[in-house]
Amino acid sequence: MILSKLKIKEAEHNERVLANHVYIAPGSHHLQLVRRGAFYYTQLKDGPPVQRHKPSVNVLFQSVAKQVRSNAIGFILTGMGADGAFGLLEMKKSGAKTYAQDESSSIVFGMPKEAIKLNAHSKEVTLADVPTTITQCFS
């Protein structure tokens, strides 16, 4: 059964980021994005946990804020704790469009709640609205 037209895969070190692909951080490494010339590449970093998380969403979002800046969009969805909140704030400060899942559609409102407290989001969205919001960002 195919649920997405996007190719979804675990990220590999130094892999060129391609359109219509989703890269998932392996459980053993932090995932970062780097730019070389006109292209973006994945970087896997084996470092200590960041605020008890490895991989850490903050590490990824901070690299996106630094490398992609205003060309990025970021979403923080349901999850426990605060991982990703500070990184999403850095993305917003770099000019990226940032979104947090609203409480009513979150199973666990921890991560979005922390981002909202920091005003790291431009807008709250329901989970059902995420695909439309992404599409609108590219139109």
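The values are calculated or read from the model by the stated rules, or taken from the named source; none is laboratory data. Note that the coordinates shown come from a computational prediction; the quantities given were computed from them, not determined experimentally. Glycine also receives a Cβ, built like all others from the backbone with ideal geometry; neighbour counts cover every protein chain displayed. Just the protein is used for accessible areas: all its heavy atoms, side chains included, with ligands, DNA and RNA removed. Shrake-Rupley method; radii C 1.70, N 1.55, O 1.52, S 1.80 Å.
Sort through D102, D83, D46 and tell me the only one that's touching a His at 6+ places or on another chain (Cβ under 7 Å) and either basic (K, R) or under 25 Å from V125 (Cβ atoms) (or both).
D83
Hey, can you tell me all the residues within the range 1-26 that are open to solvent by less than 60 Å² (accessible area, probe 1.4 Å) and either among the basic types (K, R) or in contact (Cβ under 8 Å) with a residue 24 or more places away in the chain (or both)?
Selection gives K9, A11, E15, V17, A25, P26.
Would you check if there is a residue in the range 107-121 being closer than 21 Å to R35 by Cβ and of a type outside the set (A, V, I, L, M, F, W, C)?
So far as the range 107-121 goes, no, none of its residues is closer than 21 Å to R35 by Cβ and of a type outside the set (A, V, I, L, M, F, W, C).
Looking at the range 94-123 only, could you name the residues that are open to solvent by less than 90 Å² (accessible area, probe 1.4 Å), over 20 Å from A65 (Cβ atoms) and acidic (D, E)?
Passing the criteria: only D102.
If you check every pair at least six apart or on different chains, which have Cβ atoms under 7 Å apart with a residue in the range 77-90 that is more than 9 Å from G110 (Cα to Cα) first and a residue that is open to solvent by 10 Å² or more (accessible area, probe 1.4 Å) and acidic (D, E) second?
A85/E114
I need a count of the residues in the range 124-139 that are open to solvent by 30 Å² or more (accessible area, probe 1.4 Å), touching a strand residue (DSSP E or B) at 6+ places or on another chain (Cβ under 8 Å) and of a type in the set (S, T, Y).
Counting residues in the range 124-139 that are open to solvent by 30 Å² or more (accessible area, probe 1.4 Å), touching a strand residue (DSSP E or B) at 6+ places or on another chain (Cβ under 8 Å) and of a type in the set (S, T, Y) gives 1.
Report the residue count in the range 83-136 for those that are assigned to a loop (DSSP other than H, G, I, E, B), of a type in the set (A, V, I, L, M) and within 16 Å of I73 (Cβ to Cβ).
2
Which of the residues belonging to the range 27-66 are closer than 25 Å to K97 by Cβ and either loosely packed, with under 11 Cβ neighbours inside 10 Å or hydroxyl-bearing (S, T, Y) (or both)?
R36, G37, A38, F39, Y40, Y41, T42, S56, S63
What tally of residues in the range 19-53 results from selecting those that are polar (S, T, N, Q) and either at pLDDT below 95 or in a loop (DSSP other than H, G, I, E, B) (or both)?
3
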